[in-house]
1. In segment 48-73, how many are touching a Pro at 6+ places or on another chain (Cβ under 7 Å), surrounded by 14 or more Cβ atoms within 10 Å (Cβ to Cβ) and not hydrophobic (A, V, I, L, M, F, W, C)?
2. When residues of segment 87-125 are filtered for being basic (Lys, Arg) and surrounded by 15 or more Cβ atoms within 10 Å (Cβ to Cβ), how many remain?
3. Working carefully through the options 328, 344, 340, 268, find the one that is of a type in the set (Lys, Arg), under 19 Å from residue 197 (Cβ atoms) and modelled with pLDDT of 80 or more.
4. Give the residues of segment 251-270 that are surrounded by 12 or more Cβ atoms within 10 Å (Cβ to Cβ) and either assigned by TED's automatic domain parsing to the domain that holds residue 205 or closer than 30 Å to residue 333 by Cβ (or both), sorted by residue number.
5. Please note which strands (runs of 3 or more DSSP E) are completely contained in segment 58-103 and include at least 3 residues that are modelled with pLDDT of 95 or more, assigned by TED's automatic domain parsing to the domain that holds residue 37 and hydroxyl-bearing (Ser, Thr, Tyr).
6. Give me a count of the residues in segment 38-57 that are touching a residue at least 40 places away in the same chain (Cβ under 8 Å) and assigned to a loop (DSSP other than H, G, I, E, B).
Amino acid sequence: MAMSRLSVVLFAVAVVLAQPGPGMRPGAPDGAPKGVVTGRVFDADLGVAVEYANVILYSQRDSTQVTGGVTDIKGRFELAGVRPGRFYLDVSFIGYKPKRIGDLQLAPGARVDLGRIDLSQSVVAVQGAEVVGERPALRYEIDKKVIDVSKLATTASGTAVDVMENAPSVKVDVEGNVSLRGSQNFTVLIDGRPSPLDGNEALQQIPAATIDRIEIITNPSAKYDPEGVSGIVNVIQKKQKTSGVSGVFSADGGWPLRTGASLLVSYRAERLSLFGGGNVNFGRFPGSRVSESWTVADSSADTTFSHSEGDGTRQHRFYGLRAGGEYRWSAVDRTGLSVRYGGRGFGMS
């Protein structure tokens with residue numbers, strides 16, 4: 001009885017070993033020489049090699065995968081160690097239509113070269129997408145900060161001072177005076193050229209509507225002759241300047257008594273530009289004063305003491321006139337002249 005069971009088991013094993021493997025031609029011996037399948041994959045439209053394309057070899061009998069690989073930088077592939085049989089080959093890659101090569105017969109030890117295999121590009125229509133980019137109002141470059149005035153709609157009716165009010169390293173007091181890194185000793189350039197006006201006066205007289213951008217250079221190089229200044233403010237005006245006459249008038253007042261006004265008129269032609277203006281400021285500040293003094297004589301021990309108090313008013317006044325012009329000989333050659341006259345005074349009453 002035991003011998004009978006053993007015979008059944010051995011018979012089942014023999015049946016399993018006799019089955020042909022995937023891709024193996026029925027009846028092909030196990031030790032038959034194995035073959036090689038090669039080829040090259042190219043873009044049918046551009047004529048360039050397709051790298052990393054997938055190449056899969058399937059058995060034609062039961063569609064099982066026999067072997068596979070990818071193409072190299074020249075589009076070549078080589079599938080080695082393939083048993084004899086009948087196969088089909090699938091070639092695919094992202095962005096291309098897959099291609100099948102059918103009825104591929106491989107004899108024992110044969111080397112089959114499929115030659116050039118062209119893949120056609122697969123075009124997929126998708127809905128268009130709109131990408132909108134916007135530059136920030138303040139951007140940092142290697143040696144300067146740049147303020148784009150067109151992004152600051154709230155300052156359109158102001159001056160260059162209003163544009164700079166919220167910029168880093170810039171401080172503006174209640175009277176509109178600008179300090180750069182804590183100092184008012186800075187240079188103002190207009191379109192890269194020195195302004196004939198003082199720094200704060202120039203910034204207060206340039207309307208924001210005429211400015212394209214402002215460059216704040218806190219670490220100027222030797223190119224700008226930076227000795228003795230805390231930085232440079234370069235005001236780049238809009239290039240679409242028109243000829244004609246323009247003017248800016250401003251006035252201010254305060255309590256108890258502070259009044260001021262300024263006027264700047266300019267004329268611009270094709271090559272000639274002229275400007276003239278003036279400013280005046282007057283202020284009175286009432287208050288009280290207390291004074292005490294002691295006087296000791298050297299020859300005696302007598303000491304004289306005096307005390308006084310009362311009301312008084314401190315006054316100041318400033319005024320100035322300025323005018324100038326410039327003639328442009330060419331895009332880089334210019335000749336300019338400017339003059340200023342003014343005065344200031346202080347008093348107590």
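The values are calculated or read from the model by the stated rules, or taken from the named source; none is laboratory data. Computed from a predicted structure; not experimentally measured. Cβ placement follows ideal geometry from the backbone for every residue including glycine, while neighbour counts extend to all protein chains displayed.
1. Adding up the residues that qualify gives 1.
2. The qualifying residues number 1.
3. 268
4. 264, 265, 266, 267, 268
5. none
6. 5
Rundown of residues vs (1) among the hydrophobic types (A, V, I, L, M, F, W, C); (2) free of Cβ contacts under 8 Å to residues at least 40 places away in the same chain, yes/no style:
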position: 269; (1), (2): yes, yes
position: 284; (1), (2): no, yes
position: 289; (1), (2): no, yes
position: 306; (1), (2): no, yes
position: 311; (1), (2): no, yes
position: 328; (1), (2): no, no
position: 341; (1), (2): no, yes
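One line per residue, one yes/no per condition, for (1) loosely packed, with under 10 Cβ neighbours inside 10 Å; (2) assigned to a loop (DSSP other than H, G, I, E, B):
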{"site": "284", "(1), (2)": "no, no"}
{"site": "288", "(1), (2)": "yes, no"}
{"site": "292", "(1), (2)": "yes, no"}
{"site": "306", "(1), (2)": "yes, no"}
{"site": "312", "(1), (2)": "no, no"}
{"site": "315", "(1), (2)": "no, no"}
{"site": "321", "(1), (2)": "no, no"}
{"site": "331", "(1), (2)": "yes, yes"}
